[in-house]
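What follows is a single structure, written as structure tokens, with notes after it.
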Amino acid sequence: MPTSAPLTLHVSGMNCASCSARVERVAAAQPDVISAEVNLALGTLRVTGAAQPKALAAKLAEAGYPVEEHETRLAVSDMTCASCVGRVERVLVRQPGVISASVNLASESATIRHLAIPGLASDLARVVTAAGYPAQPRGADTRARQAAARAEEGTALRRRLALAAALTLPVFILEMGGHMVPAFHHWVHMTIGMWESWVLQFLLTSLVLFGPGLIFFRHGVPALMRGAPDMNSLVAMGTFAAWGFSTVATFAPGLLPQGAAAVYFEAAAVIVTLILLGRWLEARAKGRTGAAIARLVGMQAKSARVERDGMVQDLPLEQVIPGDIIHTRPGERIAVDGEVTEGRSYVDESMITGEPVPAAKEPGASLTGGTVNGTGALVFRATRVGADTMLAQIIRLVEEAQGAKLPIQALVDRVTLYFVPAVMALALLTLAIWLAFGPDPRLSHALVASVAVLIIACPCAMGLATPTSIMVGTGRAAEMGVLFRRGDALQALQGIDVVAFDKTGTLTEGRPELVALEPVPGWDADQVLRLVAAVESLAEHPIAQAIERAARAQGLDLPRPEGFDTITGFGARARVEGHEVLVGAARLFAREGIDLGTLPQTAEARAAKGQTPLFAAIDGKAVALIAVADRIKPSTPRAIEALHAMGLRVAMITGDAKATARAIADDLGIDTVEAEVLPEGKVAALEALRAGGKRLAFVGDGINDAPALAAADVGIAIGTGTDVAIESADVVLISGDLRGVVNALDVSRRTIRNIRQNLFWAFAYNTALLPVAAGVLYPAFGLTLSPVLAAGAMALSSVFVVTNALRLRGLRPAMAETREPASDSAPRPVPA
């Protein structure tokens, strides 16, 4: 049995010697495993033998000990078309331990999901490089290096293009001038001589092919020898065929059939020049697809004024640590995330949130790195630095989304797998048919047609159709304050039928206020409020905080509760100054068997006004009705109107009573309401909304929204919400403004439409013009396609795709910013 190098895996779930022994037994039982040793302290399993990592990982997962997985991103060079993308992906997925691989032509990157095997990232870069595509793991400086490399590539292409054009122009004039102007043909024949003209064309064309055009041979020939031909291979074969035939016709015409001697030097030279022109235009356009990332990176400060040892000094950002005190002058960029300790100012956060109105900052307020300070000086404490800042996380999320592969691209992947070999086969078939049935001179006609087939095929357009649109669309969305955490959410969102909202903190401000407390006869309102607020002081729900704030605002001293117990979805209870105090929804009192008397009738009237009714009981007897209201976000009504205008249904999920929820829904124009839903029942509520095969997006912000965000077809988290909710979502709105939901849907629809346009062009172009190039129109109309025109069409096809994607940079928000209502306007109460 062949023995490979020892394999080390990081295994989760091992916490004792029994676990270690079980993992060792499972591993040792696998075929080709010689020995298995667990290091419990490091959480690793070391296996010797010839075990297959993925098979071993699957067995360990079945036993309850999953192997850790990592994600590696590689920067990959020299990819020119969709065939290159397919080749790199196939090389990667064949490597032991690799779970999945996605390669992006536009960003020149590969994202690989693999088992946590030490050193695997470097091994993956090595095998991709060996396949002909230099690769290296992405690091902190990769982005800058790629930008520099792209700039250098653009400069080199421009130089090659200029030289090729200068050498090609005389060839084109000498050959085509004679065809277009007979007098010029006679002049060349009489002065230079026809053979001498061909020799001159040979020299100039050779300089074009093996000078500026050498890049096609350097990449195309090795790919052809590896059995993985790409677009460079097609160009190299086509131009070399035209040059080779012309060279034989010039220097050894006797080797050709009678009347077949003709030269096509101008075709070879013009093909190279036009394709270089297309590459240069494409490189310029592709450089602009990453403009959003470049702008985000440009927002990062380079240094910070840090207070250390009583002195304020300029330090590089890399030396700033959490807890540092940082001084920011008016007009300066905030260096890192932090919390204001001194000073007041307004900060422009539009580049992060999309909000145009500067945000007021005072001691205790949070600051985001990359935003711009206004006219006041601020001193703040650094809370998150480096890769932990919001801006760094936004850049990472955008890059990950841009590197994603959408389901719509599956067809492209299947086609490109066989595209270039199929084109080569078609070129050979074209050559054979023209040689067998074509008019004289058959060899010349056959050569022209087969070269045109090789040149006009454009896998580049197919490879660029999807990733360029994704890059521009997700980048533009980020500038609007919409982050796609998963790239495939970009496609899923445009197919949504229903948008469901959590209520508190999503449709509303999430800061309810106490509006009424009505005690039963024999009880004083302040006395009840004091006891109830004491219970709620230990709760974290926004309603509890509203009651506590109201009590403290009235100057009431709150006694210390004992035996506090929160009853999720119902309320809370505790013992306060010897009294058993219970506060919560009506369903809590029904469960406890406490009679509410006439309070429910009063509660219904409150609910009809858009207030949330709660009840309080002391020592087992109902003592008061409590009414709480929350203000609707200014953006909510307009966002719901915009969603309706998009043809979508809008639903609301809330724990409120049905009457209260219906009143809010009628006020806002919401179509469907799922009321009296406990936190653990939100997923079931989503399933009810999915009835009839509808696709659904859920918008939420709280910890208890995380399961629903994960269960929805697309989960959209409010960026002002909890980290748990954000981690569970597919899309994140950086600000709490609901216009972001409308903008996300609009960007999704427009981007997918743009992708479909690109794919239609790429497939229609190849489907329509390949037969024309092969000569299908010749029998009926006597028309053939010149290789020169084929080169021009091929060059322009990829430029068209990239330029069409760049139109997405002009996307404007579907909803303009929402201004806060004036301070003297009455707040709009909504149940909390």
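The values are calculated or read from the model by the stated rules, or taken from the named source; none is laboratory data. From a predicted model like this one, the values you see are computed outputs, not experimental measurements. Don't worry about glycine lacking a Cβ; one is built from the backbone with ideal geometry, like all the others, and counts go over all protein chains shown. Keep in mind that these areas ignore ligands, DNA and RNA; they rest on the heavy atoms of the full protein, side chains included. Shrake-Rupley method; radii C 1.70, N 1.55, O 1.52, S 1.80 Å.
For the structure I just gave you, tell me whether Ala392 is open to solvent by less than 40 Å² (accessible area, probe 1.4 Å), within 30 Å of Arg150 (Cβ to Cβ) and in a helix (DSSP H, G or I). Criteria met by Ala392.
The single condition among (1) of a type outside the set (Ser, Thr, Tyr); (2) open to solvent by 50 Å² or more (accessible area, probe 1.4 Å); (3) on the phi > 0 side of the Ramachandran plot that Gly505 does not satisfy is (2).
Checking the structure you have, find out if any residue of the range 52-61 is open to solvent by 20 Å² or more (accessible area, probe 1.4 Å), small (Gly, Ala, Ser) and part of a loop (DSSP other than H, G, I, E, B). Checking the range 52-61: not a single residue is open to solvent by 20 Å² or more (accessible area, probe 1.4 Å), small (Gly, Ala, Ser) and part of a loop (DSSP other than H, G, I, E, B).
So in the range 472-482, with the set limited to residues that are hydrophobic (A, V, I, L, M, F, W, C) and open to solvent by less than 10 Å² (accessible area, probe 1.4 Å), which one is farthest from Leu806 (Cα to Cα)? Filtering the range 472-482 for residues that are hydrophobic (A, V, I, L, M, F, W, C) and open to solvent by less than 10 Å² (accessible area, probe 1.4 Å), the one farthest from Leu806 (Cα to Cα) comes out as Val482.
Candidates Glu89, Glu62: the one that is within 24 Å of Arg396 (Cβ to Cβ) and among the charged types (D, E, K, R) is Glu89. Restricting Val742, Val677, Val673 to residues that are at negative phi and under 24 Å from the mean Cα position of the chain (by Cα) narrows the list to Val742. Considering the range 717-803, the qualifying helices (runs of 4 or more DSSP H), each wholly inside and each with 3 or more residues that are farther than 23 Å from Gln491 by Cβ, run over 739-774, 778-781.
Only residues that are assigned to a loop (DSSP other than H, G, I, E, B), in contact (Cβ under 8 Å) with a residue 24 or more places away in the chain and open to solvent by 70 Å² or more (accessible area, probe 1.4 Å) were counted in the range 679-712, giving 2.
Annotation note: of Val263, Val272, the sole residue that is under 21 Å from Thr155 (Cα atoms) and either modelled with pLDDT of 85 or more or more than 47 Å from the chain's Cα centre (by Cα) (or both) is Val272.
Quick grid of which residues meet (1) of a type outside the set (Gly, Ala, Ser); (2) touching a Gly at 6+ places or on another chain (Cβ under 8 Å); (3) open to solvent by 30 Å² or more (accessible area, probe 1.4 Å); (4) under 26 Å from Ala461 (Cα atoms):
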position: Gly86; (1), (2), (3), (4): no, no, no, yes
position: Pro96; (1), (2), (3), (4): yes, no, yes, no
position: Ala101; (1), (2), (3), (4): no, no, no, yes
position: Ser107; (1), (2), (3), (4): no, yes, no, yes
position: His114; (1), (2), (3), (4): yes, yes, no, no
position: Pro118; (1), (2), (3), (4): yes, no, yes, no
position: Leu124; (1), (2), (3), (4): yes, no, no, no
position: Val128; (1), (2), (3), (4): yes, no, no, yes
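Is there a residue being closer than 18 Å to Leu431 by Cα and not aliphatic (A, V, I, L, M) anywhere in the range 751-761? No, the range 751-761 contains no residue that is closer than 18 Å to Leu431 by Cα and not aliphatic (A, V, I, L, M). For the condition modelled with pLDDT of 85 or more, within 30 Å of Leu281 (Cβ to Cβ), of a type in the set (A, V, I, L, M, F, W, C) and part of a helix (DSSP H, G or I), Val103 does not qualify. Is there a residue being part of a helix (DSSP H, G or I), under 30 Å from Phe419 (Cα atoms) and open to solvent by 40 Å² or more (accessible area, probe 1.4 Å) anywhere in the range 179-194? No: the range 179-194 contains no residue that is part of a helix (DSSP H, G or I), under 30 Å from Phe419 (Cα atoms) and open to solvent by 40 Å² or more (accessible area, probe 1.4 Å).
With respect to the conditions (1) under 30 Å from Leu769 (Cα atoms); (2) among the basic types (Lys, Arg); (3) touching a Ser or Thr at 6+ places or on another chain (Cβ under 6 Å), Arg442 falls short on a single one, namely (3). Based on this model, can you work out whether Arg486 counts as open to solvent by 10 Å² or more (accessible area, probe 1.4 Å), at pLDDT below 85 and under 12 Å from the mean Cα position of the chain (by Cα)? So Arg486 fits the description; yes.
The selection criterion, being touching a Leu at 6+ places or on another chain (Cβ under 7 Å) and open to solvent by 40 Å² or more (accessible area, probe 1.4 Å), holds for Leu426.
Taken over the range 395-419, the criterion of being free of Cβ contacts under 8 Å to residues at least 12 places away in the same chain and either in a loop (DSSP other than H, G, I, E, B) or within 30 Å of Gly719 (Cα to Cα) (or both) is satisfied by Arg396 alone. A Cβ distance below 8 Å, combined with a sequence gap of six or more or placement on separate chains, defines the contacts here; from the range 801-815, residues that are among the hydroxyl-bearing types (Ser, Thr, Tyr) reach residues that are outside any loop (DSSP other than H, G, I, E, B) in the pairs Thr803/Ala285. Listed by first and then second residue, the pairs with beta-carbon distance under 8 Å, at least 6 apart or on different chains, first residue in the range 420-436 and under 11 Å from Pro229 (Cα atoms) and touching a residue at least 24 places away in the same chain (Cβ under 8 Å), second open to solvent by 60 Å² or more (accessible area, probe 1.4 Å) and among the aliphatic types (A, V, I, L, M), are Met424/Met237.
The residue that is most open to solvent (accessible area, probe 1.4 Å), among those in the range 130-146 that are at pLDDT 80 or above and not aliphatic (A, V, I, L, M), is Gln136.
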